[in-house]
There are 2 protein chains.
Amino acid sequence: MDIKTSTSTHLTDEQRIDWLRLIRSDNVGPRTFRSLINHFGSAHAALARLPDLARRGGAARAGRICSEDDARTELAASQRHGVSLVAPGEAGYPPRLAMLDDAPPLLGVRGAQDVLMRPMIAIVGSRNASGAGLKFAQTLARDLSDAGFVIVSGLARGIDQAAHRASLANGTVAVLAGGHDRIYPPEHEDLLAAMLESGGAISEMPMGHVPRARDFPRRNRLISGAALGVIVVEAAHRSGSLITARIAAEQGREVFAVPGSPLDPRAAGTNDLIKQGATLTTQASDVIDAIEPIMGRPIVLREPDDDPLALEPEAGDRARIVDLLGPTPILLDDLIRMAETSPAIARTVLLELELAGRLERHGGGLVSLI
Amino acid sequence: MDIKTSTSTHLTDEQRIDWLRLIRSDNVGPRTFRSLINHFGSAHAALARLPDLARRGGAARAGRICSEDDARTELAASQRHGVSLVAPGEAGYPPRLAMLDDAPPLLGVRGAQDVLMRPMIAIVGSRNASGAGLKFAQTLARDLSDAGFVIVSGLARGIDQAAHRASLANGTVAVLAGGHDRIYPPEHEDLLAAMLESGGAISEMPMGHVPRARDFPRRNRLISGAALGVIVVEAAHRSGSLITARIAAEQGREVFAVPGSPLDPRAAGTNDLIKQGATLTTQASDVIDAIEPIMGRPIVLREPDDDPLALEPEAGDRARIVDLLGPTPILLDDLIRMAETSPAIARTVLLELELAGRLERHGGGLVSLI
């Protein structure tokens, strides 16, 4: 099954366990997962080949492969908590999110699944927002919610929670940085409980995962990815919301920003976004006018990449590619060209390195050696 | 002398009196003045033909022609007040202003004439500005002034006076809506006096002219026209500063606007300007980055129009054009095409109607019958 070109999927129970084992194994991220499934045809077949591939990539020690027991334990814990683990194309998996290159193979979803299938708009901003910023986030969230959009945000203090609260009645969605049983910040557990009645929450992390600082940027790609567009309400220079805006632009999502006085440091980031091309937003209609034409467009499925493991690389191919790599990120396309081998062979070597924990994939098609 | 294509002009004393008589005569605005000079070769010759042209245009009663005595009286009163009446191309006439289609044929200038020849940037905004708006206007004015630009504004309360005060040291220019001896608002006479030491003031109105409401939009075209660009700091919906911004855009001037919170009504106009394409401005460098490339460009002189009085219209031409005109403004180009006569003849008829006080010229090449 090619997970990128199916629009309606239903995994069997055994497939779901295999998918969960594969994505929870060491050095397997969403992109690697997709390469493995596309090549071997199933997670089951890929799991059998993982040790061999990692060894060829030069792994110092074998990466841990998630056992069937561990996968069944996670699945049971999720179910006890009301969380379903759904694949792209299954009910409850936000359709826009499924189109990302790095869409989570299995997403933990909780709440009203129909809400997760509706068109979403993300509202994000400062945790220490001003009164005016909070008020405007509420107005915008309520107006867009009343217009039929599901508001998605990060359940954080400040702008996030204001946007969630103002759109509670019509359903609003939280994207979590940790497991569904590790809500951050803890004081928003009540808010989340209220949200789940007519809205939902999603996470790609396993139950029990306590969110660390590095999980938040990773989570932010899901906020923007699930949405048609991202509205940044207040953001200082170098704030997390600006990272979300950058990722949103890379994902081809519309970026909106709320202006503010040049004397207000909490507007410095949003004013900069507008200078860089974000749509200046002072009312819901600014967003709807830009979003409506996109909604009419059918979701375009990407063509699957070349089969990454079509050919067996030789030792010379591996050595050449490792020599070309270093700690400074380099464009995948440049690397393949410089490697003077076929793209398929270069991709196979990279996949082996990744499974060996030696390759890091950055945004924008950049890779570096760890 | 063609006043539009000369870059260095010096009128004789007699010419200056004739120019003053012509521009102060009934129904002669800057555009009509230019047409008359271009056709008759001099103001002196045009003055002799005025009664005849107005009669052919169907004037109910002959328009008043300014007498030589009245012109000499105005000139003397101006000189006593330290005001020089200068023509486009003469020292003291801001060079960008001279390039307007409706540049005043004679401009009353006072203060440091060299300052009037330097590159200018206009800063305008609300009279009832917020503290933050006033503070930002000061910062911007000081920074741009220190960068070598002359700040030009309207001497009004609020943003205007804040911009003037912050740029006093390097020279700042006020554009007056009334005569040089009728300062509005009166409480800014002290500010103007301080400005005149190293800056200047300009007006196209005669001494003694008390500014009326309709003089302010007319004056605003000189603020934007003298400048390379116009910065609107705070402006509510439908405020005068937005008219200045619209005129500036029509004149080909850069338009800058300072953003503000969507909840601040004094930012509603500036946020709208940014939505319409004005450059979002949070610091002086935003303005300088956009203005510097323009400064390098030589001022482009417009080709003179076709000679408007080259042919004698017949009675049928006049009747057809009057029939086509009405109280609803129509594009001059459309009118000429519909009149089924030569452009030169159509323009002659329009000039006659104008001198008869029957034609109104609006912005954007629109005309209507009064």
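Residues in segment B:131-148 that are surrounded by 17 or more Cβ atoms within 10 Å (Cβ to Cβ), among the polar types (S, T, N, Q) and under 12 Å from B:T282 (Cα atoms): 0 in all. Considered as a group, the residues in segment A:204-243 that are of a type in the set (V, I, T) and either over 22 Å from A:A162 (Cβ atoms) or over 11 Å from the mean Cα position of the chain (by Cα) (or both) include one that is surrounded by the fewest Cβ atoms within 10 Å (Cβ to Cβ), and that residue is A:V210. Among the conditions (1) without any contact (Cβ under 8 Å) to a residue 24 or more places away in the chain; (2) within 11 Å of the chain's Cα centre (by Cα), the only one that A:D114 does not satisfy is (2). Taken together, A:P94, A:P105, A:P119 contain a single residue that is open to solvent by 10 Å² or more (accessible area, probe 1.4 Å) and at pLDDT 95 or above, which is A:P119. Residues of segment B:17-31 that are within 19 Å of B:G365 (Cα to Cα) and surrounded by fewer than 23 Cβ atoms within 10 Å (Cβ to Cβ): B:N27, B:G29, B:P30, B:R31. Each residue in segment B:336-356 was checked for being buried (at least 22 other Cβ atoms within 10 Å of the Cβ) and polar (S, T, N, Q), and 1 pass. Taken over segment B:318-335, the residue count meeting the criterion of being assigned to a loop (DSSP other than H, G, I, E, B) and surrounded by 17 or more Cβ atoms within 10 Å (Cβ to Cβ) is 2. Just one of the listed residues (A:N128, A:N170) is open to solvent by 10 Å² or more (accessible area, probe 1.4 Å), assigned to a loop (DSSP other than H, G, I, E, B) and under 18 Å from A:S239 (Cα atoms), namely A:N128. Within segment B:267-279, if we keep just the residues that are open to solvent by 10 Å² or more (accessible area, probe 1.4 Å) and within 7 Å of chain A (Cβ to nearest Cβ), the residue that is nearest to the chain's Cα centre (by Cα) turns out to be B:I274. On the stretch given as segment A:267-283, residues that are of a type in the set (V, I, T) and assigned to a helix (DSSP H, G or I) total 2. For segment A:217-266, taking the residues that are within 20 Å of B:N271 (Cα to Cα) and part of a strand (DSSP E or B), the one that is nearest to the other protein chains (Cβ to nearest Cβ) is identified as A:A257.
Scanning segment A:61-81 for residues that are touching a residue at least 24 places away in the same chain (Cβ under 8 Å) and outside any helix (DSSP H, G or I) gives A:G63, A:R64, A:I65, A:C66, A:S67, A:H81. Checked against (1) part of a strand (DSSP E or B); (2) at positive phi, A:L155 passes all but condition (1).
The values are calculated or read from the model by the stated rules, or taken from the named source; none is laboratory data. All values reported here derive from a predicted model rather than from experimental measurement. Heads up, the Cβs are rebuilt from the backbone with ideal geometry, glycines too, and the neighbour counts pull from every protein chain shown. For accessibility, only protein heavy atoms count, side chains too; no ligands or nucleic acids. Shrake-Rupley method; radii C 1.70, N 1.55, O 1.52, S 1.80 Å.
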